[in-house]
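To keep things clear, I will list the structure first and then write my remarks on it.
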Amino acid sequence: MLVLGLDIGSRTVDAVWLEDGRVADHVVTDTGFDPRAVAEALLTRARFDRLVATGYGRHVARDAFGAEVVTEITAYARGAAHLFPGAGSVLDIGGQDTKVISLGEDGKVADFEMNDKCAAGTGRFLEVMARALGFGLDQMATEALTARSGVGISSMCTVFAESEVTGLVHRGEDRARIARGLHESVAGRTCTALGRVRARGPLVFAGGVANNAAMVELVRAGFDGDVLVPENAQTVGALGAALSASAANG
Amino acid sequence: MSENVATDYGRMWAELGMNLPAHCALMNAIPTMYENAYLTQSDRPAGMAYFDFVMSEIHGLRIKELVDHKTAGGKVVGTFCLYVPEEIIRAHGAVGVGLCAGAEWGYNEVEKVLPRNTCALIKSFMGFKMDRVCPYVESADLLVGETTCDGKKKAYELLGEMADVYVMELPQMKRDRDREFWRAEVREFVMRLEELTGKTMTAESLTAAIAEVNGKRRALQRIAAARAADPAPISGKDALLATQVAFYDDVPRFTAMVNTIADELDARVAAGEGAAAKGAKRVVLTGSPMAIPNWKTHDIIEKAGGVVVGEEMCTGSRYYDTLVPETPGASLDEMIDEVADKYLGINCACFTPNDARCSDVVQMASDLGADGIVHYSLQFCGPYQIEAVQVERAARDVGVPFLKIDTDYSAEDVGQLSTRIEAFLEML
Ligand code: SF4
Ligand code: SF4
């Protein structure tokens, strides 16, 4: 049986084709302004027997294509536990939200938390800050890793932090140190959230921001336990969605 | 509301000094909210038709009854908190109405005065008054506040500039001397009501009022008990609505209607019929009050396939769980003490310590066979937001999954909340 898992997020739509429990193909596309059309294009790319959607656009896929739905929380937990059996927790930092999930012994969700309605501490936050620093996104991470210590950033609100960063740049503060400070504050906030849900190691770090080397290093430093980054960090949710179908009906 | 009825009521609203265009806008919004939340449900108890009617007449028939009562020389007393004893109000021949304050209304006006980070309930009652859109507020001869949370305390001072406001001082602890203090405070309230109504409360009038209000609470207890069944015979939304309406409806009529619904629920339980599917995930809600038309959290949970089986809230068990003892031959003085003591037994987060609330929640979850507990607080409601910590601990101690949400009356966070609630239900 071929299951298509779709993760319709705010920044990307990710797809995984799962054939008898094995990933046959996967793809990551920009959401753009019409997530429905993007999803529809993915449906025609390859054949599938069943369709499961997750992400904030899951209900759109249910209404438009009759997809089964599962929340991102369950999908990420499933995907992570599949890739790393025995994982204790999951961190997903995506474009506009952050989730921390603690897994029980059985690999199921034991507790979870999502960030508030704003973009604080998400991929979007890092993008805005990179722009304020005049760096590309990857470059900001590389620079952050070169600095020995970070400049303390007092606000996690995207709007306030942006003007704080601009102010620091004008005062001639070293941009690499600012970049490190920004990553430190996101990582610190993330580790606090992990603590609140009593996350155990090993922690699976998924989502787009898991490709950011500085974030990975800082989360590793702040988390008490192993931190594992899957090869295709962005498609863990889509994989989990596809796996949910297999679990439900053999 | 049909056209010709609306015009009849239009005069009544104008005579109450209401702001008609603003009121009209509010009245356009509520039926849609009600339809989306309520009339989309399937397998509702037939008796809920009464509440459909009540809601369609929320600013009509009931207000007319209040106006008639006033014309006949009676008084209307508006309250904002469970602690203000309604038996005492009734015993003075006055009608008590719990003011709802469950909608985001008039915030632009309100935020010119109050800080933005004020809880939605306070902003709402201030907004209703400043905008003159609530006929209950406008028909009240006296508004009774109470010193519970700091936000309300201060807001009552401002409300007092626009209406006649009397504030009861509530203790913050429940020691013997606090009980003495509260009993005295209830007696002061009796004096204020005597002055307002020109009537003297007697042992007979208080006995009758206690019996009537107990009857109302008992009827609600019957609905609550029926919800222990799986499948749940009534949706959480419908049960919530019954409690919300209890705050302002005519007491004998309401009691009779709720008892009819309770009979129907008993029959449904016996026949194994439900308003939700058998095996649907069962949730107990606890936290800040949910006033009409705040159905948001129930709506999200039930549209996601769960069912709310109990509310440990002021619009829930805290309202109907305890009764004033009906002691034959008790003197008026003894009865006043008993009324005061019953109210001091309510477990609100404004008190310290408030451990009894934690045990209430856990007990309710076990009695009703709940799969999980959802803690609901209004944003900026310090007492409940902080007490969520203790409630979470109590839930963890007995191994019941727990989800905490902080929200307000707006629809802004519905997407986010739905995801969290659906994920919670998937986890159970
Ligand atoms: S939560 Fe407390 S302050 Fe608020 S209405 Fe209930 S008893 Fe009163
Ligand atoms: S919800 Fe909380 S902050 Fe708001 S009035 Fe009630 S106790 Fe006060």
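The values are calculated or read from the model by the stated rules, or taken from the named source; none is laboratory data. All figures in this text were calculated on a predicted structure; none of them were measured in a lab. Don't worry about glycine lacking a Cβ; one is built from the backbone with ideal geometry, like all the others, and counts go over all protein chains shown.
Just a few scattered comments:
- Residue that is nearest to the other protein chains (Cβ to nearest Cβ) [pool: residues in region B:359-384 that are away from ligand 1 (no atom under 16 Å from the Cβ) and of a type in the set (S, T, N, Q)]: B:Ser366
- With respect to the conditions (1) closer than 30 Å to A:His59 by Cα; (2) assigned to a helix (DSSP H, G or I); (3) of a type in the set (Gly, Ala, Ser), B:Ala395 lacks only one, and its number is (1).
- Helices (runs of 4 or more DSSP H) contained in region B:102-212 and holding at least 1 residues closer than 20 Å to B:Tyr409 by Cβ: B:107-113, B:120-131, B:135-139, B:150-159
- Going through (1) within 26 Å of B:Ala349 (Cα to Cα); (2) in contact with a His (Cβ under 7 Å, 6 or more places away or on another chain); (3) of a type outside the set (S, T, N, Q) one by one, B:Pro135 falls short only on (1).
- Region B:121-158, residues that are on the phi < 0 side of the Ramachandran plot, away from ligand 1 (no atom under 15 Å from the Cβ) and more than 20 Å from the chain's Cα centre (by Cα): B:Met130, B:Asp131, B:Asp141, B:Glu157, B:Leu158
- Meets criteria (part of a helix (DSSP H, G or I), touching a helix residue (DSSP H, G or I) at 6+ places or on another chain (Cβ under 6 Å) and hydroxyl-bearing (Ser, Thr, Tyr)) for B:Tyr50: yes
- A single entry from A:Val90, A:Val100, A:Val70, A:Val109 fulfils the requirement of being touching a Leu at 6+ places or on another chain (Cβ under 9 Å) and either hydroxyl-bearing (Ser, Thr, Tyr) or over 14 Å from A:Phe205 (Cα atoms) (or both): A:Val109.
- Residue among A:Gly172, A:Gly79, A:Gly94 that is modelled with pLDDT under 90 and under 30 Å from B:Pro401 (Cβ atoms): A:Gly94
- Of residues in region B:309-330 being assigned to a loop (DSSP other than H, G, I, E, B) and hydrophobic (A, V, I, L, M, F, W, C), the one nearest to ligand 1 (Cβ to nearest atom): B:Cys314
- Selected residue [within 11 Å of another protein chain (Cβ to nearest Cβ) and buried (at least 23 other Cβ atoms within 10 Å of the Cβ)] from B:Glu387, B:Glu422, B:Glu392, B:Glu412: B:Glu422
- Only one entry in A:Arg58, A:Arg50, A:Arg22 is over 16 Å from the mean Cα position of the chain (by Cα) and within 13 Å of chain B (Cβ to nearest Cβ), namely A:Arg58.
- Every condition in (1) touching a Lys or Arg at 6+ places or on another chain (Cβ under 9 Å); (2) under 23 Å from B:Pro21 (Cα atoms); (3) within 16 Å of ligand 1 (Cβ to nearest atom) holds for B:Val110 except the one numbered (3).
- Restricting region B:285-308 to residues that are assigned to a loop (DSSP other than H, G, I, E, B) and within 16 Å of ligand 1 (Cβ to nearest atom), the residue that is farthest from B:His375 (Cα to Cα): B:Ile292
- Conditions (1) away from ligand 1 (no atom under 15 Å from the Cβ); (2) touching a Ser or Thr at 6+ places or on another chain (Cβ under 9 Å); (3) closer than 21 Å to B:Thr322 by Cβ: number failed by B:Asp341: (2)
- Of the numbered criteria (1) under 20 Å from the mean Cα position of the chain (by Cα); (2) within 14 Å of chain B (Cβ to nearest Cβ); (3) at pLDDT below 90; (4) at negative phi, the one A:Gly107 fails is (4).
- Residue count for region B:240-295, restricted to those that are on the phi > 0 side of the Ramachandran plot and away from ligand 2 (no atom under 16 Å from the Cβ): 2
- Residue satisfying condition, being within 15 Å of ligand 2 (Cβ to nearest atom) and closer than 24 Å to B:Trp295 by Cβ, within set B:Pro401, B:Pro383: B:Pro383
- Within region B:345-358, if we keep just the residues that are outside any loop (DSSP other than H, G, I, E, B) and surrounded by 18 or more Cβ atoms within 10 Å (Cβ to Cβ), the residue that is farthest from ligand 1 (Cβ to nearest atom) turns out to be B:Cys358.
- A:Thr190 at pLDDT below 95 and in contact with a Lys or Arg (Cβ under 8 Å, 6 or more places away or on another chain): no
- Count of residues meeting criterion [among the β-branched types (Val, Ile, Thr), part of a strand (DSSP E or B) and over 11 Å from A:Leu4 (Cα atoms)] in region A:28-53: 2
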